[in-house]
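> Following this message is one structure expressed as structure tokens.
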Amino acid sequence: MTEKGWQVYILRCRDDTLYTGITNNLERRLQQHNQGVAARYTRSRRPVTLAYLETAKDRAEASRREAEIKKLSRRAKLEMTKKGVTIQPTPPPPERGKIEFS
């Protein structure tokens with residue numbers, strides 16, 4: 001389950017709520033969540049299980065994607081989790097100032 005680089009993940013908590021975060025060491029971070037030493041939100045909602053995962057090229061991209069996901073409705077996040085765990089990278093944004101023609 002260990003991947004190099006940064007990842008954005010969604011956890012399903014015991015009370016069926018969803019938690020979104022980023023990490024560069026997924027196994028360690030899941031252990032921390034389930035030991036109650038990670039996010040305050042998940043401490044009282046253990047155990048948590050991985051519901052969704054995607055990779056990012058760096059921390060900045062992972063943070064941007066985390067913010068995007070956190071703005072989504074619960075319904076949209078649940079749709080993402082139906083797709084399961086994925087490690088496909090998100091496509092890079094177009095370069096600033098460049099116009100692409102097809």
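> Scan region 1-87 for trypsin sites (Lys or Arg not before Pro) in coil per DSSP, keeping those whose Cβ has at most 16 other Cβ atoms within 10 Å, and list them by number.
When the trypsin sites (Lys or Arg not before Pro) of region 1-87 are filtered for loop state and at most 16 Cβ neighbours within 10 Å, LYS4, ARG14, LYS57, LYS83 remain.
> So, one more: Work out how far the C-alpha atoms of region 6-82 reach from end to end along every principal axis, then list the three figures in whole Å, largest first.
Taking the Cα atoms of region 6-82, the three principal extents are 29, 27, 19 Å.
No value in this document is a laboratory result; all are computed from the given coordinates. These numbers come from a predicted model, not from an experiment. Don't worry about glycine lacking a Cβ; one is built from the backbone with ideal geometry, like all the others, and counts go over all protein chains shown.
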